[in-house]
1. Can you give the FRET efficiency for residue B:54 and residue A:70, using 1/(1 + (r/R0)^6), R0 = 35 Å, r = Cβ-Cβ distance, to the nearest 0.05?
2. Taking the Cβ-Cβ separation of residue A:104 and residue B:4 as r and a Förster radius of 45 Å, what is the calculated FRET efficiency to the nearest 0.05?
3. Please state the charge dipole magnitude for the protein assembly as shown, taken about the Cα centre, from unit charges on C-beta atoms (+1 on K and R, -1 on D and E), reported in debye and rounded to the nearest 20.
4. For a Förster distance of 30 Å, can you work out the FRET efficiency between the beta-carbons of residue A:146 and residue A:94, rounded to the nearest 0.05?
5. Towards the positive end of the charge dipole of the protein assembly as shown, with charges on Cβ (+1 Lys, Arg; -1 Asp, Glu), say which of A:124, A:21, B:35 has the farthest Cα.
6. Roughly how crowded by other chains is peptide A:35-41, in terms of the mean Cβ count from those chains within 10 Å of each of its Cβ atoms?
7. What is the angle, in °, between the Cα long axis of helix A:118-127 and the longest principal axis of the Cα atoms in chain A? Nearest 10 is fine, range 0 to 90.
8. So what is the calculated 222 nm ellipticity per residue for the protein assembly as shown, using -39500 (n - 2.57) for each DSSP H run with n of 4 or more, over all residues, to the nearest 500 deg cm²/dmol?
Amino acid sequence: MKTDILEAEQALRELDEKNDGLVIFAWSGELDKIWPTLILATTSAAMGKPTTIFFTFWGLFPLIKEDVRITGDNWMQKMLSVMNHGGTEHLKLSKMNFGGMGPAMMKKLAKAHGVASPHELLDLAKSLGVKMVPCQMTMDLLGLKREDLIDGLEEPAGATTALLEASGAQTLFI
Amino acid sequence: MSVVISKTLDLKGFACPIPIARTAGAMKEMTPGEIMEVLATDPGSVPDFTAWSKATGNELIEHTVVDGVYRFVLRKR
């Protein structure tokens, strides 16, 4: 009887450890979605949880280096990068963007209220050991190369890696 | 028993998640049993530091507020 309880407790502990991580699928590349993504990831890492962000589709664009402007091999991919400026400084709002006036005001408000910028949060995430994994398939699709993206990321990987990491963890799709 | 503070982290003016994230980063550099003091102005840091202490096991020895400045005293686990 007593061993049964001890075994059950042990199993629960193991389950708890496995369930302790956080995996965020960062699909959206908008300022107001990248912000909470990075805030949750840095906080989760600060709480000692194994934390991974899997960046896919539009979510890859904030990871483009500031000095890289046009990406892609063909006109369609190049046009995409013209229409959708990469890097953390050119992110749009999902609503009330007003041709860039919305994000400018939002950044001004953030500064006044001591809210860290996405750029600062990315650095913080790296220093706290958040694993940031770019999606290989969407990189190929959108014409993004590893050297177009910022340093400090994990090697690009696929859905299997992401789902394995997410197995048993808390997951968010943002 | 008097509390010897080994490190003070001034995070006044910073909003969530900076106070917790920087505290966690600084805590890594400390040795178990050492005491750190954190100053913040984010009102959300009161429940957040309590939750963080619970999650990480770093003990929140005391928290006070003086003139809108929250002071947290933490012992590294």
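Every read-out reported here was derived from the displayed coordinates using simple, explicitly stated rules and does not represent laboratory data. Since the model is a prediction, treat every value here as computed from it, not as a measurement. Because the Cβ atoms are built from the backbone with ideal geometry, glycine has one as well, and the counts that use them run over all protein chains shown.
1. Values: r = 48 Å, r/R0 = 1.38.
It comes out at approximately 0.10.
2. Working: r = 47 Å, r/R0 = 1.05.
For R0 = 45 Å, the calculated efficiency reads 0.45.
3. On the way: 26 positive and 31 negative charges, 115 e Å.
Once rounded to the nearest 20, the dipole reads 560 debye.
4. Working: r = 28 Å, r/R0 = 0.92.
Computed FRET efficiency for residue A:146 and residue A:94 comes out at 0.60.
5. Result: A:124, furthest along the dipole toward the positive end.
6. Values: counts 0, 0, 0, 1, 5, 1, 2.
Partner-chain Cβ atoms within 10 Å, mean over residues of A:35-41: 1.
7. Relative to chain A, helix A:118-127 is tipped by roughly 40 degrees.
8. Only helices count here, giving -12500 deg cm²/dmol.
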